[in-house]
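Below is one structure, written out as structure tokens; the observations come after it.
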Amino acid sequence: MRSNQYIITASSITVCCIMAGCGAHTDGHGHGNETTEEKHGDEIIFTQRQAEAAGMELETVSPGEFCYVIKVSGQIQSPTGEEQTVCATADGIVNFANPSITEGTAVAAGETIVTISARNLQDGDNVQKAKVAFETAEKEYRRAGELAGDKIISDKEFDQVRMRYETAKAAYEGMARSMTGNGVKVASPIKGYVKNRLAKQGDYVSVGDPILTVTQNRRLQLRAEVPENCAGELRNIGSANFRLAYDDTTYRLADLNGKLLSYGRSSTANSFYIPMTFEFDNVGEIVAGAFAEVFLLANPRKDVLTVPMSALTEEQGVYYVYVQEKGHQEAYRKTEVKTGQDNGERIEITGGLKSGDKVVTKGAYQVKLAATSTVIPHGHSH
């Protein structure tokens, strides 16, 4: 009986030793299960060195003024007078002075754009025709002057001859001033950039046909299309932000010497939108004709908590920010927030943050990656 008790006791001791040994072994590999960035509860440890590498920036949340925002669509337009169309001044075949001229090419005032020649056409060269008509009218005018002096023709007949002469002279001199050996040259009336080409090399054009459009591109207009149900807010709108379809940059009219020009008092018969037009300096690469997302700013509100749009991260429709723990510069907390309106730059926070919180505004994505990254633990041989 004692022998059996001894065996059981010895076995228990052996099992305990094995368990103790295994526990010791587990402790030896305890760091194999920790994440790349050490976490304590809900904390994410992101070191100062990593923050510098990520270019992290923080902002202390505080209440401030924030405008009521109406989001609409719009388009960039060139103001009247800021662009001109270069038209043909003679009938003939188009020959571009610079064959590689295209949209965006810079042109100077008075620079020759094309020459137009009808020399090889069946109807002949109009410039040559105008010259012949002028010379013939000039001879008739001189002859009529002599006859009128001798009272051979009446004053009325002389006036008719003089009118034909002056008309032929004006037509010829208008062409002769721009005449070259290759045809009639057509120049740009203003300095600017080619907006679009309306004729191709070798095209036949008639007098008045458009060849290309030149825009100065110094001032541009933003035309916003406002839904009818927002008509009551138009009188309260003083400025706007906008974001172009091809660019992530949010432009502020306040920074572009912008101003409100006008807004419609009614919608057109074929539209349910009311136009609203702003004007601003083109200080960036803003292309006339581009479509834009427009943030109309009205009715400033006070004591509103906002953060930059870059502070937000999104997971399955839920928005989060990363808040620095108080007293610990390397610890951050993932915090769910409720959002309100945004103006393209900043977004209203209606829940989840309080004044004084320090929020990651640049580098939030890197903190998010640090929160989810892990190191695969070492395997055990037993």
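The values are calculated or read from the model by the stated rules, or taken from the named source; none is laboratory data. Small disclaimer: the values here were computed from a predicted structure and weren't measured. As a convention, Cβ positions derive from the backbone with ideal geometry for all residues, glycine included, and neighbour counts pool all protein chains shown. Accessible surface is based on the protein model in full, side chains and every heavy atom, while ligands, DNA and RNA are left aside. Shrake-Rupley method; radii C 1.70, N 1.55, O 1.52, S 1.80 Å.
Points to keep in mind about this one:
- Selection of trypsin sites (Lys or Arg not before Pro), the stretch 126-184, meeting DSSP coil and at most 16 other Cβ within 10 Å: K151, R177
- The apolar share of the surface of the stretch 159-232, taken as the fraction of accessible area on carbon and sulfur atoms (1.4 Å probe, ligands and nucleic acids excluded), comes to 48 percent.
- In the stretch 204-235, trypsin sites (Lys or Arg not before Pro) in a DSSP loop with at most 16 other beta-carbon atoms within 10 Å: R218
- Note on E325/T249: beta-carbon distance plugged into 1/(1 + (r/R0)^6) with R0 of 30 Å gives a FRET efficiency of 0.35.
- 1.4 Å probe accessible area per residue over the stretch 83-237, in Å²: 58 Å²
- Pairwise centroid distance, computed over Cα atoms, of the stretch 90-123 with the stretch 249-311, Å: 39 Å
- Per-residue packing, averaged as other Cβ atoms within 10 Å, sorts the ranges 198-204, 347-353 into the order 347-353, 198-204, beginning with the highest.
- Here the simple spin-label model places points 7 Å from the Cα toward Cβ, and for Q316 and K71 these points are separated by 2.3 nm.
- Charging the Cβ of each Asp and Glu at -1 and of each Lys and Arg at +1, and nothing else, the dipole of the stretch 245-357 about its Cα centre rounds to 540 debye.
- Under 21 Å from the Cα of K338 - lysines, other chains or at least 8 residues apart: K71, K302, K354, K358, K362, K368
- Distance between the modelled labels on T80 and R219, one decimal in nanometres: 1.3 nm (7 Å Cα→Cβ projection).
- Taking only protein heavy atoms and a 1.4 Å probe, the accessible area of the stretch 273-352 is 48% carbon and sulfur.
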